[in-house]
Amino acid sequence: MQLNDVQFAYHDKCYVVDGLSAQVHPGKVHALIGPNAAGKTTLLKLMLGQLQPSCGKVMLNGVPVARVNASQRAAAISYVPQRSTTGFAFTVAQVVAMGRHVLPWSEAALDEALEACELKHLADRPYNELSGGQQQRVLLARALAQSHGEGKVMLLDEPVSAMDLQHVHRAMAVLRDQAGRGLAIVTVLHDLNLAARYADEVWLIDNGKMMAHGDWRQVLTPDVLSPVYGVDVRTVENSASDDSENARPIFHVRLQGGGNRSYN
């Protein structure tokens, strides 16, 4: 998937995505980061083909993604939204199975997705009775079931925001595993330390513009991050690694403008 000088405005000339270009690489986790209202969710919708660019193109296998028919698009691109609700008492297994709705049925896809997201013991539970974090795991499992087989790209919008610490890292490990199998992962993250630990490439956007993108080593630096977020971002240590070249940073954040309070 490729984005070529993509622009989009909900209102005349008020661009939410403004001249953005990027390449989505198979086998890599791309972390999409940036402040609130930077245009991250809108960008995912453009990549899904739910929105059409005002200018520029979003290409899937050389074809504008919005022109790819629905079944082919579903086979190639899976999606995990920020949240999803249902007015009916669908079970966990039924919600995950919806990932195969327009695709050939695969019992293996369902079983593997439930197993990967540790949901087998909840398979018969009504989805709308689960906690927010459990529901996010179900949505991830649905996307895994959908991408099973012909999947090329998985797009995720803050997929771990409601999960507890254990399941955050289990979910991110699942995404790394999927990338290892050749899937291209593009996920919105607000936690810079998660991006630093799991991403291969990072896209940093602000006000709809690509401020920096590329290998995590190039983007996840205080000099790049601090001006965009408006805070003092510092690298306090590197995670343990036998390979110092690939050691992942851990960030410490301090408010600018005289505030003494800091955040990890």
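The values are calculated or read from the model by the stated rules, or taken from the named source; none is laboratory data. Just so you know, these numbers come straight off a predicted model, no measurement behind them. Reconstructed Cβ throughout: ideal geometry from the backbone, glycine too, with neighbour counts over all protein chains shown. Note: accessible area is taken over every heavy atom of the protein model, side chains too, but ligands, DNA and RNA are not part of it. Shrake-Rupley method; radii C 1.70, N 1.55, O 1.52, S 1.80 Å.
The table below lists the values:
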read-out: Positions within region 60-73 being open to solvent by 40 Å² or more (accessible area, probe 1.4 Å) and either over 25 Å from GLN178 (Cβ atoms) or in contact with a Lys or Arg (Cβ under 7 Å, 6 or more places away or on another chain) (or both), in sequence order; value: ARG67
read-out: Filter result (of a type in the set (Val, Ile, Thr) and open to solvent by 20 Å² or more (accessible area, probe 1.4 Å)) within region 206-227; value: THR221, VAL224
read-out: Sole residue being charged (D, E, K, R), without any contact (Cβ under 8 Å) to a residue 12 or more places away in the chain and open to solvent by 10 Å² or more (accessible area, probe 1.4 Å), chosen from LYS45, LYS57; value: LYS45
read-out: Members of region 1-38 found to be crowded, with 20+ Cβ neighbours inside 10 Å and not in a strand (DSSP E or B), listed by number; value: MET1, VAL24, GLY34, ALA38
read-out: Elements of type strands (runs of 3 or more DSSP E) in region 74-188, at least 1 residues being open to solvent by 20 Å² or more (accessible area, probe 1.4 Å); value: 77-80
read-out: Residue check, ARG67 touching a strand residue (DSSP E or B) at 6+ places or on another chain (Cβ under 8 Å), within 30 Å of MET211 (Cβ to Cβ) and free of Cβ contacts under 8 Å to residues at least 60 places away in the same chain; value: no
read-out: Residue tally, condition within 21 Å of GLY214 (Cβ to Cβ) and out of contact with any Lys or Arg (no Cβ under 6 Å at 6 or more places or on another chain), over region 6-22; value: 6
read-out: Selection status of GLU158, among the charged types (D, E, K, R) and at pLDDT below 95; value: no
read-out: Selected residue (criterion: most open to solvent (accessible area, probe 1.4 Å)) from residues of region 189-205 that are over 30 Å from SER71 (Cβ atoms) and among the charged types (D, E, K, R); value: ARG197
